[in-house]
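Structure, as structure tokens:
Readers should treat all values here as calculations from the given coordinates under stated rules, not as data from a laboratory. As the structure is a computational prediction, the values presented were derived from the model and not from experiment. Please note: Cβ atoms are built from the backbone with ideal geometry, for glycine as well, and neighbour counts cover all protein chains shown.
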Amino acid sequence: MSAINDTIPITMCETQAIREIMLEYRRATELHGPFQTQHEGFAVILEELDELKAEVWKKPADRDPILLRKEACQVAAMALRFMLDLTYPEETTWPLWQTVKRQTEQT
């Protein structure tokens, strides 16, 4: 177990979940760029939530735990995109996205 700022204990499982969310956040941002509006961000979160809901509403025997985890990760990653792209204007992700885009175009 490690800690964030030596005050909040964090388990290996939590660390792995956060890592998966960050990877999905970065993948989506690199692919689509940052959200432009709150309506766009909300729509994407809702779409991901609907995909999670579709899996949750299956009969328990038909649910795929790997797919549940993937969809939950995507919901969390899109919520993170919303926060970073639309509620932290002074620390926008645009510079990061532009740097990634330039690096991708050069290869």
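See the values below:
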item: Unit charges on C-beta of K, R, D, E only; dipole of region 37-91, Debye; result: 380
item: Using θ = phi - 60° and Karplus 6.51 cos²θ - 1.76 cosθ + 1.60, couplings along region 35-48 (whole Hz; Gly, Pro as x); result: 5, 8, 9, 5, 5, 4, x, 4, 4, 5, 4, 4, 4, 5
item: Alpha-carbon Rg with Dmax, taken over region 37-91, Å; result: 13.4, 47
item: Ranked list, fewest to most other Cβ atoms within 10 Å of each Cβ, for ILE45, ILE8, ILE18; result: ILE8, ILE18, ILE45
item: Under-5 Å amide H pairs with ILE10, H placed in peptide plane, nonlocal only; result: SER2, ALA3, ILE4
item: Amide H partners (placed H, <5 Å) of PHE35, local residues excluded; result: none
item: Order of ASP62, ASP85, ASP50 - criterion: other Cβ atoms within 10 Å of each residue's Cβ, fewest first; result: ASP62, ASP50, ASP85
